[in-house]
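For reference, the structure discussed in these notes is given below.
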Amino acid sequence: MDQNTENTERFKKNRSQPVSSPVILQFGHAETLLPLLSLMGYFKDKEPLTAYNYKEQMHRKFRSGHIVPYASNLIFVLYHCKNATTPKEAFRVQLLLNEKVLPLAHSQETASLYEDLKDHYRDLLQSCRTSDECELPKVNNTSDEL
């Protein structure tokens, strides 16, 4: 998203240049989407599910089949607010889970200032090393097996 905000700022300065990325799409699976939502603080129940309280947990928040059904999606929508009075107010973010607005976990608002959202998740963003997490294992180059 930082790249998109930078592109928009560049676009405002020099309107003869097109925005390089009006949309960025990234794809994954439920097995990556569910941990991301959990990490962001969504669908947390007050009581953990155990064998002894299953009946009371029938309406718990964390139900993977409801959160990430087949063909689920999480969309981060970045809005550029042309009438913003300060640079901080120039961008807002809205989340959609399975095409439905997902209130922000930290505020329950339907949209947030981009800078506020970055501040809220600062520790996560600073500790995430994408190149390390997504690195593919080295293959055995000495093997002649097919």
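None of the figures in this text is laboratory data; all of them are computed from the coordinates on show. Since this is a predicted model, take the numbers as computed values, not measurements. Note that we place each Cβ from the backbone using ideal geometry, even for glycine, and neighbour counts take in every protein chain shown.
Return the FRET efficiency for the residue pair SER107, VAL23: r is the Cβ-Cβ distance, R0 is 25 Å, and the value is rounded to the nearest 0.05.
Details: r = 25 Å, r/R0 = 1.01.
About 0.50, to the nearest 0.05.
About the centre of its Cα atoms, the range 32-140 shows a dipole size close to 220 debye [charges on the beta carbon of Lys, Arg (+1) and Asp, Glu (-1) only; nearest 20 debye]. The listed peptides 46-52, 72-78, ordered by packing as a protection proxy, come out as 72-78, 46-52 (highest mean of other Cβ atoms within 10 Å first).
Nearest 0.05, what FRET efficiency do MET58 and GLU135 give at R0 = 41 Å with Cβ-Cβ as r?
On the way: r = 41 Å, r/R0 = 1.00.
Rounded to the nearest 0.05, the efficiency is 0.50.
With a Förster radius of 22 Å applied to the beta-carbon distance between ASN83 and LEU39, the computed FRET efficiency rounds to 0.05. Extension gain, ASN98 to LYS118, is 4.9 nm, computed as 0.36 nm per intervening residue step minus the present C-alpha separation.
Considering only Cα-Cα distances, which of the following residue pairs are longer than 29 Å: LYS61/LYS138; LYS44/LYS118; LYS46/LYS82; LYS44/LYS82; LYS46/LYS100?
Working: LYS61/LYS138 39 Å; LYS44/LYS118 21 Å; LYS46/LYS82 40 Å; LYS44/LYS82 36 Å; LYS46/LYS100 24 Å.
From the list (LYS61/LYS138; LYS44/LYS118; LYS46/LYS82; LYS44/LYS82; LYS46/LYS100), the Cα-Cα distance tops 29 Å for LYS61/LYS138; LYS46/LYS82; LYS44/LYS82.
When peptides 23-33, 58-68, 107-117 are sorted by average Cβ neighbour count within 10 Å, with the highest value leading, the order is 107-117, 58-68, 23-33.
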